[in-house]
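To keep things clear, I will list the structure first and then write my remarks on it.
The values are calculated or read from the model by the stated rules, or taken from the named source; none is laboratory data. What you see is a predicted model, and the numbers here were worked out from it, not measured in a lab. Glycine gets a Cβ as well: all are built from the backbone with ideal geometry, and neighbour counts include every protein chain shown.
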Amino acid sequence: MENRLTAAQVLDPKTTPMVVAIVQARMSSTRLPGKVLAEVAGRPMLWHVVNRVSRARWIKRVIVATSENPADDSIARFCAQEGIACSRGSETDVLDRYYQAAREYSADVVVRITADCPLIDPVVVDRVVQSFFDKGCDYISNALHYTYPDGLDTEVFSFAALRQAWQEATRASEREHVTPYLRAGKFRIANVENDVKISRPLRWTVDEPSDLDFVRRVFAAFSGKKDFGMEDVLDYLNMNPTIQELNSSITANQGYLRSLYDEAGSGPAPPRPLEKSQSWLRRSQKVIPGGAQTFSKGHTQYVEGVAPLFLERGKGCRVWDVDGNEYIDFVQGLLPNLLGYAHEGVNAAVARQLSEGHSFSLPHPLEVELAERLTRLVPCAEMVRFGKNGSDATSGAVRAARAFTRRDHIACCGYHGWQDWYIGSTTRNAGVPGAVQALTHSFPYNDAGALEKLLEQQPGQFAAVIMEPVNFTAPHPGYLQQVKELSQKHGALLIFDEICSGFHFGLGGAQKRYNVIPDMACFGKAMGNGFPIACVAGRRDVMKTFEDIFFSFTFGGEVASMAAAMTVLDVLETTDALARMEAQGRVLQDGFNTLAKLAGLSDRLVCVGHSTWSLIKFRDADGKDSLLLRSLVSQELVKRGVLSLVTHNLTAAHDHVAVQQALEVYAAVFKTAAGWLEDPDPARFLEGKMIQPVFRVR
Ligand SMILES: Cc1ncc(COP(=O)(O)O)c(C=O)c1O
């Protein structure tokens, strides 16, 4: 069947497809046995599900599909009493259960609903079914990434696609969870996005006692009103925010992740061919000190002999090395590729600019347009100057601050680039004069007292406080405001280094998210989706100092990168790219932590931070950083096709398929690592030289 309907078909009841909702239900939940018949507002939960789904206009029949297990007889009895169609099948092969039920009821289109979602909304169900027909795909869902509350999950697929999955899917997880095979890359799939913006993950599904408590409270609040829907519940929760706290700490998709973990193989993966990589490294080391232009891209950052050393090509979230091996890339050039490699819109804008010239003898209007746009988007920006690297921006801002305040000392927190003023304060300070080193003082994050003490040590001498407003630790409530007040009190300018937080934490950066406006801010990395562009933006009177200091270089006004930046801003302003990144990043981060727990490694492997830029902590048995564990995990990830340093640098191109693949890889790697860590000498499993740290700054 062609899944796209003509207008005539939509209007003709004889030819409209048979859309059947199949509600899967079983009594034997491990976390909350019998939940599907648990009482909610005087009725079994399943009654609410069936009743609400039946109200969707597109649904011609609702069938409960349960197992033949005697424990599920009570579900069959309940259906018989209520006159609900019930189909029984395999307990573990739920894909078969669906297929048989869909065939029995001559379904053209199947809507999959699970019985643990009593707040399912018929309006949402209709919207997903409608989108299925509008888009003409094989499978559509509103849960490929969460823009709807978890618990309104509606999956819609054609009977033909179901039959194909039923014939071809072989893995236990694909049979038990019905739809993974449909989402694994073979079919035309799509996600339906919520028009209602939801600022945080909401959990409305029932897996645990606290979920049931939550759902009962919501139904009680609407007692007497039968047809309340998502928006009513959202309004209610906005007015009663503590209700959602009842179950907010529970992670989604636990059952699926357990299946992934159970079926993951353990043991080292076979090596990949890397001869060309090795040969390029030999050539490179003869002519390029260190063999790379950036420390973090060098051969010491991965397990030597196991990992690729040179990449040749990238598209979306994937890269290919010089030997032709493919990887899901969580490094993304060290964060710049916000939209993924070779983004067509960005490349087209750059190509257009290249055809007209891009390094001119006088300024180009695009400089003004981009600066104007940034002043609209970034709260602190009244004026803007451009650079190429993040270090241009941070060093320019520091120089401007010194000139503006006529002071020399700098307080810093985080990493700020390769220039003398900053790098002199780290352990990699060779070549930086002692006099320069003595002017920069670092202070710890989230400790306003420590900053106050530092500023008091040399009163009247600090030109600026420069800091990453956030990286992998969220600021304590009020902390950034305290930093601002302390800077003001001591006459120092506040500079936010938003080279990383800029755009990964939202348009407008962390300053907008946390509503603390600095005097200046620096952006770079993600601005041009891989094209070299950075900027300092800030208060007009401070930015005017750039007219007096020397901040001037040949490529400062290079316009192809500005064309790239304009397109990046277009995409971020007009699409849900950032929301998708956040949602996929959350699935990845929660999945990582759940799998680590299943492997018994939750105190050794932890993924922390914001979902678009999360950090993996590798710990030894004493809780200290473990380079050995990092190396072992990195070795096994890369052999299985996942390229990663210690962070997940999400892009808008990391789609559902990539994230699920990565989670499968994590399942196998953690299972393997768990076995190795029981060995008295886990280092013997290392197949090459251990990773060497560049230096710790975060
Ligand atoms: C927070 C932060 N500031 C500044 C920089 C320096 O940027 P660049 O390497 O582009 O000079 C970096 C680079 O990683 C960074 O993470």
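Here are a few things to note about the model shown:
- Lone qualifier among Ala450, Ala435, Ala464, Ala411 - being in the same structural domain as Gly491 (by TED's automatic domain parsing), in a strand (DSSP E or B), modelled with pLDDT of 95 or more and over 32 Å from the mean Cα position of the chain (by Cα): Ala464
- Of the residues making up the stretch 109-118, at least one is farther than 23 Å from Leu182 by Cβ, in contact (Cβ under 8 Å) with a residue 12 or more places away in the chain and crowded, with 17+ Cβ neighbours inside 10 Å.
- Qualifying residue in the stretch 604-617 (condition: touching a residue at least 12 places away in the same chain (Cβ under 8 Å), among the aromatic types (Phe, Trp, Tyr) and part of a loop (DSSP other than H, G, I, E, B)): no
- One residue stands out in the stretch 525-541 among those that are surrounded by fewer than 24 Cβ atoms within 10 Å (Cβ to Cβ) and not charged (D, E, K, R): the one that is farthest from the ligand (Cβ to nearest atom), namely Phe531.
- Scanning the stretch 402-460 for residues that are among the aliphatic types (A, V, I, L, M) and farther than 19 Å from Lys489 by Cα returns Ile423, Ala430, Val432, Ala435, Val436, Ala438, Leu439.
- Any hit, the stretch 394-405, residues being basic (Lys, Arg), under 21 Å from Phe531 (Cβ atoms) and touching a residue at least 24 places away in the same chain (Cβ under 8 Å): no
- Every residue from the stretch 263-304 that is without any contact (Cβ under 8 Å) to a residue 40 or more places away in the chain and closer than 30 Å to Ala596 by Cα: Lys297, Gly298, His299
- In the condition set (1) hydrophobic (A, V, I, L, M, F, W, C); (2) farther than 23 Å from Thr545 by Cα; (3) away from the ligand (no atom under 16 Å from the Cβ), Ala381 is compliant with all but (2).
- Restricting attention to the stretch 24-54, the residues that are in contact with a helix residue (DSSP H, G or I) (Cβ under 7 Å, 6 or more places away or on another chain) and within 18 Å of Phe228 (Cα to Cα) add up to 8.
- Residues of the stretch 352-396 that are more than 22 Å from Gln511 (Cβ to Cβ) and in a loop (DSSP other than H, G, I, E, B): Glu356, Gly357, His358, Ser359, Phe360, Ser361, Leu362, Pro363, His364, Lys388.
- Which listed residue is buried (at least 17 other Cβ atoms within 10 Å of the Cβ), within 16 Å of the chain's Cα centre (by Cα) and aliphatic (A, V, I, L, M), from Ala653, Ala668: Ala653
- Hits in the stretch 512-524 (condition: under 16 Å from Trp613 (Cβ atoms), within 14 Å of the ligand (Cβ to nearest atom) and in contact with a Phe, Trp or Tyr (Cβ under 8 Å, 6 or more places away or on another chain)): Phe523
- Test: residue in the stretch 469-477 that is in contact with a Lys or Arg (Cβ under 6 Å, 6 or more places away or on another chain) and within 12 Å of the ligand (Cβ to nearest atom): yes
- Asp620 meets the conditions (1) surrounded by fewer than 19 Cβ atoms within 10 Å (Cβ to Cβ); (2) touching a Phe, Trp or Tyr at 6+ places or on another chain (Cβ under 6 Å) in every case but one. The failed one is (2).
- Test result for Tyr256, in contact with a helix residue (DSSP H, G or I) (Cβ under 9 Å, 6 or more places away or on another chain) and outside the structural domain of Glu91 (by TED's automatic domain parsing): yes
- Just one of the listed residues (Leu493, Leu480) is farther than 20 Å from Asn649 by Cα, more than 14 Å from the ligand (Cβ to nearest atom) and touching a Ser or Thr at 6+ places or on another chain (Cβ under 9 Å), and it is Leu493.
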